[in-house]
Amino acid sequence: MRKSLSIVCMSLLTVSLMGPLGTAYAGDNPPGNHRQREELRRDQRDLQALRQQRNRELREGDRREAREYNEKIRDKQRELYRDRREIYGDNNGWWGRRDRDRDRD
């Protein structure tokens, strides 16, 4: 009884502490404007559609069409990367964190 009660208490404490952290991160004013974020979501949906079409072409055996879709996918990924960087900034992104982790050894 005592062990289960302590587990419940710790779970409630954890949830009560995590709630404010999540809302503080979300913020009332996300980076970029609504139009930019909507365009980013639309580009992500387009990228997913291109990947599905490429996979469909590969299943049908049309490798030349699949290569063309690969080029379109790469272009769309570059565009998404630029848009994300424009909206959210670099913040010494993923590459910086990875390099920092290597320096610890």
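The values are calculated or read from the model by the stated rules, or taken from the named source; none is laboratory data. Note that the structure is a prediction, hence the values are computed from the model and not measured. Every residue, glycine among them, receives a Cβ derived from its backbone with ideal geometry; neighbour counts consider all protein chains shown. Heavy atoms of the whole protein, side chains included, go into the accessibility calculation; ligands, DNA and RNA do not. Shrake-Rupley method; radii C 1.70, N 1.55, O 1.52, S 1.80 Å.
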Legend entry - First in segment 38-54 and within 11 Å of Lys76 (Cβ to Cβ), second anywhere and in a helix (DSSP H, G or I) and open to solvent by 50 Å² or more (accessible area, probe 1.4 Å), Cβ under 6 Å, 6 or more apart: Leu50/Lys72
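Being among the aromatic types (Phe, Trp, Tyr) and at pLDDT below 90 is the filter here; which residues of segment 68-105 pass it?
Tyr88, Trp94, Trp95
Table: residues versus (1) exposed (fewer than 14 other Cβ atoms within 10 Å of the Cβ); (2) under 17 Å from the mean Cα position of the chain (by Cα).
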position: Arg41; (1), (2): yes, yes
position: Leu47; (1), (2): no, yes
position: Leu50; (1), (2): no, no
position: Arg59; (1), (2): yes, no
position: Ile73; (1), (2): no, yes
position: Glu79; (1), (2): no, yes
Legend entry - Counted residues, segment 1-39 - those being modelled with pLDDT under 70, open to solvent by less than 100 Å² (accessible area, probe 1.4 Å) and part of a loop (DSSP other than H, G, I, E, B): 1
Inset, instruction - Under 7 Å between Cβ atoms, at least 6 apart or on separate chains: pull out the pairs that start in segment 55-83 with a residue that is part of a helix (DSSP H, G or I) and end on any residue that is of a type in the set (S, T, N, Q). - result: Tyr69/Gln53; Leu80/Gln44
